[in-house]
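As structure tokens, the structure follows; a few thoughts come after it.
The values are calculated or read from the model by the stated rules, or taken from the named source; none is laboratory data. In this text the structure is predicted, and so the values were computed from the model without any measurement. Don't worry about glycine lacking a Cβ; one is built from the backbone with ideal geometry, like all the others, and counts go over all protein chains shown.
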Amino acid sequence: MIHLDDITYVRLGTPDLDLAADFATRILGLEVTERGAKSVHLRSDARAHTLCYVEGDPAYQVAGFEVSDAAELAAAAEVLEALGHRVTAGTPGEAAARGAHDFIGFDDPSGNRIELVLRPEYRGPRYYGTRDAAITGFNHIGLNSTDPVRDEIFWTRVCNARVSDRIGTIPLMRINRIHHTLALVRAEGPGIQHINHQVVAREDVLRSWQLLIRHRVPIVFGPGRHPTSGANFIYFRGPDGMVFEYSCGVDEIEDETNHRPRSFSFEPASLCMWGARPGGLIKGT
Ligand SMILES: [Fe+2]
């Protein structure tokens, strides 16, 4: 089994690097740590970067997950190859571009590009956002799935993900104590469905809501509260159609052994206990 310790970064292609960097700093509140001719690295917590925009096709969307050591990385490559996944080893230059010691890449069963990352770089100075978004860190993603039942089996049996709760066929899965690091959302093809950053408090979600309105950023869903994780949230649309989320107050699973996932019906009320409508965030809602 492949043990994922945490989600590390997302990499997003964009045809307009300046526009993406402007949104990521001025609106989202991230901090630029490295600006190159073809890429911009941004951080949201103690790590050197948690989001990287790369000039190019916006269909390029990659999720990176940290593994514990070189033996785990080598074992993961063996497991994936035995299952028929084509595994590519990162070159030293590619690893350097990810601020990582080493990494491998593969496609999950839906075709999502996944990277397993060894020793991602941390920075001494604390994250200092471009605006006071009160971000505490990059927390989780929604991932497109062309077959959530099949993909849940991949993430829970090949990898160490555990289902914390389900909404219809959407599994909210944890790889550590946090209620979910990964959610699989039915879609026509691969891609990152949303990118979450945690903020300190409900007030920070609401302050950002007002800022998003002032800057005419399309709000997709919320503000509201998830019945599953208990988190307060707001979802909004950034460059190239990517959906970002701020949330706070997400549950942790304290009793790993005895936790039993709850099944919520696939309806808007299962996504927001305050009655906010998902507005097409998830197909069928
Ligand atoms: Fe989320």
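Condition first: among the β-branched types (Val, Ile, Thr) and out of contact with any strand residue (DSSP E or B) (no Cβ under 9 Å at 6 or more places or on another chain). Now tell me which residues in region 114-148 satisfy that.
If the condition is that a residue be among the β-branched types (Val, Ile, Thr) and out of contact with any strand residue (DSSP E or B) (no Cβ under 9 Å at 6 or more places or on another chain), then no residue fits.
Looking at region 205-225, can you tell me whether even one residue there is under 22 Å from Tyr9 (Cβ atoms), away from the ligand (no atom under 15 Å from the Cβ) and in contact (Cβ under 8 Å) with a residue 40 or more places away in the chain?
For region 205-225, residues under 22 Å from Tyr9 (Cβ atoms), away from the ligand (no atom under 15 Å from the Cβ) and in contact (Cβ under 8 Å) with a residue 40 or more places away in the chain: absent.
Which of the strands (runs of 3 or more DSSP E) contained wholly in region 1-85 include at least 2 residues that are free of Cβ contacts under 8 Å to residues at least 24 places away in the same chain?
In region 1-85, 31-35, 39-43 are the strands (runs of 3 or more DSSP E) which contain 2 or more residues that are free of Cβ contacts under 8 Å to residues at least 24 places away in the same chain.
For region 234-285, how many residues meet the condition of being among the aliphatic types (A, V, I, L, M), over 21 Å from Val217 (Cα atoms) and touching a strand residue (DSSP E or B) at 6+ places or on another chain (Cβ under 7 Å)?
Summing the residues that are among the aliphatic types (A, V, I, L, M), over 21 Å from Val217 (Cα atoms) and touching a strand residue (DSSP E or B) at 6+ places or on another chain (Cβ under 7 Å) in region 234-285 gives 4.
Just to verify a result, which residue in region 239-260, among those that are of a type in the set (A, V, I, L, M) and part of a loop (DSSP other than H, G, I, E, B), is nearest to Tyr53 (Cα to Cα)?
Looking at the filtered set, the residue picked out is Met242.
What is the number of the single condition among (1) surrounded by 18 or more Cβ atoms within 10 Å (Cβ to Cβ); (2) away from the ligand (no atom under 14 Å from the Cβ); (3) part of a strand (DSSP E or B); (4) of a type in the set (Ser, Thr, Tyr) that Ser263 does not meet?
So the condition that Ser263 fails would be (1).
Given Ala231, Ala276, which one is surrounded by 12 or more Cβ atoms within 10 Å (Cβ to Cβ) and not assigned by TED's automatic domain parsing to the domain that holds Asn196?
When all the criteria are applied, what remains is Ala276.
Would you list the strands (runs of 3 or more DSSP E) that sit entirely within region 160-206 and hold 1 or more residues that are in contact with a Ser or Thr (Cβ under 8 Å, 6 or more places away or on another chain), farther than 24 Å from Asp107 by Cα and not polar (S, T, N, Q)?
162-167, 192-199
Please tell me if Gly111 is farther than 21 Å from Gly241 by Cα, out of contact with any strand residue (DSSP E or B) (no Cβ under 8 Å at 6 or more places or on another chain) and part of a loop (DSSP other than H, G, I, E, B).
Here the answer is no, as Gly111 does not meet what is asked.
Give me the pairs, please: first residue somewhere in region 256-271 and farther than 14 Å from Arg174 by Cβ, second residue anywhere and surrounded by fewer than 16 Cβ atoms within 10 Å (Cβ to Cβ) and not aliphatic (A, V, I, L, M), beta-carbon distance under 7 Å, and either six or more positions apart or on two chains.
Partner pairs satisfying both residue conditions: Phe266/Gly284; Pro268/Arg277.
Quick check on Ser229: is it small (Gly, Ala, Ser), within 16 Å of the ligand (Cβ to nearest atom) and in contact with a Phe, Trp or Tyr (Cβ under 8 Å, 6 or more places away or on another chain)?
Considered against the rule, which asks whether it is small (Gly, Ala, Ser), within 16 Å of the ligand (Cβ to nearest atom) and in contact with a Phe, Trp or Tyr (Cβ under 8 Å, 6 or more places away or on another chain), Ser229 comes out as no.
Do we have any residue at all in region 143-150 that's in a loop (DSSP other than H, G, I, E, B), hydrophobic (A, V, I, L, M, F, W, C), modelled with pLDDT of 95 or more and not assigned by TED's automatic domain parsing to the domain that holds His85?
Taking every residue of region 143-150 in turn, none turns out to be in a loop (DSSP other than H, G, I, E, B), hydrophobic (A, V, I, L, M, F, W, C), modelled with pLDDT of 95 or more and not assigned by TED's automatic domain parsing to the domain that holds His85.
What about Ile234, is it in contact with a Leu (Cβ under 9 Å, 6 or more places away or on another chain), over 14 Å from Ala133 (Cα atoms), within 15 Å of the ligand (Cβ to nearest atom) and not polar (S, T, N, Q)?
When the stated conditions are applied, Ile234 does not pass them.
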